[in-house]
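Worksheet: one structure, shown below.
The values are calculated or read from the model by the stated rules, or taken from the named source; none is laboratory data. Just so we're clear, the structure is a prediction, and the values are computed from it rather than from any experiment. FYI the Cβ positions are ideal-geometry reconstructions off the backbone, even for glycines, and counts take in every protein chain you see.
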Amino acid sequence: MNWYLDVLKKYAVFTGRARRQEFWMFALFNFLAVIVLAIVDAVIGTTGILVAIYVLGVFLPNLGVTVRRLHDTGRSGWWILIGAIPLVGPIILIVFYATEGNQTDNAYGPNPKLTPTY
């Protein structure tokens, strides 16, 4: 749960680096939250309004952690636009997200694995 809250605390931070665990745990919590909200939407009869509000609310944190994850692999945040290419783009992005980050400092900051978190 701390991974999710840490990303929300960095609401619109597009600088620095994000570890794989931070990115994937945030993605997991987002996925679970959307499923729960979709079920609640279906039960109370609102056609996706709760899901839409949630998705809009976490849009910037999601974008921020995605850009920081790309930074960890040594890529610019602009690489997120490759996802617009049908079929191939999202697959390439998943590979980038799953790739281990640079072990040393890069142009986007120090290795987050070596940086203590308090």
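Checking the conditions here, which among Y97, Y108, Y11 is among the hydroxyl-bearing types (S, T, Y) and in contact with a His (Cβ under 8 Å, 6 or more places away or on another chain)? It is Y108. Screening the candidates I80, I94, I39 for the property of being assigned to a helix (DSSP H, G or I), over 15 Å from the mean Cα position of the chain (by Cα) and not basic (K, R) yields one hit, I39. Filtering the range 4-36 to residues that are closer than 21 Å to L56 by Cβ, hydroxyl-bearing (S, T, Y) and assigned to a loop (DSSP other than H, G, I, E, B) leaves only Y11.
Quick one: is L8 modelled with pLDDT of 95 or more, surrounded by 12 or more Cβ atoms within 10 Å (Cβ to Cβ) and either within 25 Å of N111 (Cβ to Cβ) or out of contact with any strand residue (DSSP E or B) (no Cβ under 7 Å at 6 or more places or on another chain) (or both)? No, not satisfied.
Looking across the range 93-113, the residues that are out of contact with any Gly (no Cβ under 8 Å at 6 or more places or on another chain) and either over 17 Å from T15 (Cα atoms) or among the charged types (D, E, K, R) (or both) come down to I94, V95, F96, A98, T99, E100, Q103, D105. Restricting the first member to the range 15-34 and to residues that are at positive phi, and the second to residues that are surrounded by 16 or more Cβ atoms within 10 Å (Cβ to Cβ) and not in a helix (DSSP H, G or I), the beta-carbon pairs closer than 7 Å and six or more apart or on different chains are G16/Y108.
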